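Engineer: This is the structure I want to talk about, given as structure tokens.
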Amino acid sequence: MALNTQPRTSLPVICLGGPTGCGKTDLAVKMAHKLGAEIVNADSRQVYRDFPIITAQPSREEQGGIPHHLFGFLESHEKISSGQWCDMAREKVDEILIRGKIPLLVGGTGFYFQTLLHGIANIPPIPLYISQSLASRLRSEGPNALFVELESIDPGYAARIHPNDRQRIARALEVFEATGKTFSWWHENGMEPPLCRGPLIVVDEKLSAFEAGLLIRIDNMLAAGAVEEARQAMEKCPEREAPAWNGIGCADLRSFLENEISLEESRSQWFRNTRAYAKRQLTWFRGGRQAHFIAPNDLENALKITKKFLVEFEKQAS
């Protein structure tokens, strides 16, 4: 279905989200084949080039012949904000629509979807000295100390991120220091219009129903060469504070490679962190706005929601 994309400030997209390990990749490819869609990554960890195994980026075989965009393009030392991702995603969405295809955005980073579908906070530029100061504090004090500080300043935002997420912790603190307003305040009061419009379809399941599969998934990653992948990434980017190393699995394997813990301890820690992350993702998506919840592998319902939106969008655009 070729869509009329006027006005260009509100491009039509289909978003598929959910917790890690819930089967989004397989479902997305099935949807793409049925819809004539191309897939755009909406996961903040799967952007990193050096960690395709550990971040579960879809292999060529798993892609099933469907074009995939914004996977594995970023170097480990580079960071990306939700606003930057949003701008890149919108460009890809525009290109896909011009080709007469449906943009299908897939991932587990709920804030990416929120930014794309509900707008982004118009936060002014942060002075360099503030960013450098926070980076220095992260190195000397560690993320946990700064996370505790963030909890006291902005408990709402702190509850949505991982205590080891250096990038987001530093960003929230630098925004508060520079503007005197919390990240949560900016998201509630300083929003720009959304770039895209469409349904957010969320794969929803009780954590207990798929948590055993998370450990199997980790074991499969280890068997596929996750340790060697992390070792090669260390050779390319030895800086431990580099954004890519903050990711679950990446940090756990690095601790093993630096002889801080055994491989079995790394595996156990990786599983605990993955489970905790999946739990936070479920909480985030369930508290989101206007989400459509489906059971795992419910292709029929996902297509029904999608087609209803596409028909309504065409009516409104014509």
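Engineer: Regarding Ser81, is this residue under 29 Å from Ile39 (Cβ atoms) and touching a residue at least 24 places away in the same chain (Cβ under 8 Å)?
Structural biologist: yes
Engineer: Go through the stretch 276-318 and report how many residues are under 28 Å from Gly247 (Cα atoms), in contact (Cβ under 8 Å) with a residue 12 or more places away in the chain and open to solvent by 80 Å² or more (accessible area, probe 1.4 Å).
Structural biologist: So the answer is 5.
Engineer: Give just the number: which of (1) aliphatic (A, V, I, L, M); (2) open to solvent by less than 20 Å² (accessible area, probe 1.4 Å); (3) closer than 19 Å to Gly247 by Cα does Ile66 not satisfy?
Structural biologist: So Ile66 meets the others, but not (3).
Engineer: Looking at Arg240, Arg254 in this structure, which one is of a type outside the set (Val, Ile, Thr), touching an Asp or Glu at 6+ places or on another chain (Cβ under 9 Å) and either within 30 Å of Leu200 (Cβ to Cβ) or part of a helix (DSSP H, G or I) (or both)?
Structural biologist: Exactly one residue qualifies, and that residue is Arg254.
Engineer: Does any residue of the stretch 10-20 turn out to be aliphatic (A, V, I, L, M), at pLDDT below 95, in a loop (DSSP other than H, G, I, E, B) and in contact with a Gly (Cβ under 6 Å, 6 or more places away or on another chain)?
Structural biologist: No, every residue in the stretch 10-20 fails to be aliphatic (A, V, I, L, M), at pLDDT below 95, in a loop (DSSP other than H, G, I, E, B) and in contact with a Gly (Cβ under 6 Å, 6 or more places away or on another chain).
Engineer: I'm trying to understand the selection: among the residues of the stretch 138-173, which are at pLDDT 90 or above, open to solvent by 40 Å² or more (accessible area, probe 1.4 Å) and in a helix (DSSP H, G or I)?
Structural biologist: Ser140, Glu141, Asn144, Ala145, Val148, Glu149, Glu151, Ser152, Ile153, Pro155, Gly156, Arg171
Engineer: For the stretch 98-109, check the following and say yes or no: at least one residue is open to solvent by 10 Å² or more (accessible area, probe 1.4 Å) and free of Cβ contacts under 8 Å to residues at least 12 places away in the same chain.
Structural biologist: There is at least one residue in the stretch 98-109 that is open to solvent by 10 Å² or more (accessible area, probe 1.4 Å) and free of Cβ contacts under 8 Å to residues at least 12 places away in the same chain.
Engineer: For the stretch 21-31, which positions are surrounded by fewer than 20 Cβ atoms within 10 Å (Cβ to Cβ) and either acidic (Asp, Glu) or under 10 Å from Ala302 (Cβ atoms) (or both)?
Structural biologist: Asp26, Lys30
Engineer: Of all residues in the stretch 142-173, which are of a type in the set (S, T, N, Q) and in contact (Cβ under 8 Å) with a residue 12 or more places away in the chain?
Structural biologist: Asn144, Asn164, Gln167
Engineer: In the stretch 200-251, how many residues are under 18 Å from Gly72 (Cβ atoms) and of a type in the set (Ser, Thr, Tyr)?
Structural biologist: The number of residues fulfilling the criteria is 0.
Engineer: Which ones in the stretch 174-199 are open to solvent by 40 Å² or more (accessible area, probe 1.4 Å), charged (D, E, K, R) and either over 30 Å from Leu303 (Cβ atoms) or free of Cβ contacts under 8 Å to residues at least 40 places away in the same chain (or both)?
Structural biologist: Glu177, Lys181, Glu188, Glu192, listed by residue number.
Engineer: Taking Lys34 as the residue in question, decide whether it is open to solvent by less than 50 Å² (accessible area, probe 1.4 Å), farther than 20 Å from Asp165 by Cα and of a type in the set (D, E, K, R).
Structural biologist: Numbers: open to solvent by less than 50 Å² (accessible area, probe 1.4 Å): no; farther than 20 Å from Asp165 by Cα: yes; of a type in the set (D, E, K, R): yes.
Considered against the rule, which asks whether it is open to solvent by less than 50 Å² (accessible area, probe 1.4 Å), farther than 20 Å from Asp165 by Cα and of a type in the set (D, E, K, R), Lys34 comes out as no.
The values are calculated or read from the model by the stated rules, or taken from the named source; none is laboratory data. Given the structure is predicted, the values throughout are model-derived calculations rather than measurements. Cβ atoms come from the backbone with ideal geometry, glycine included; neighbour counts cover every protein chain shown. Areas reflect the complete protein model, heavy atoms only, side chains present, ligands, DNA and RNA absent. Shrake-Rupley method; radii C 1.70, N 1.55, O 1.52, S 1.80 Å.
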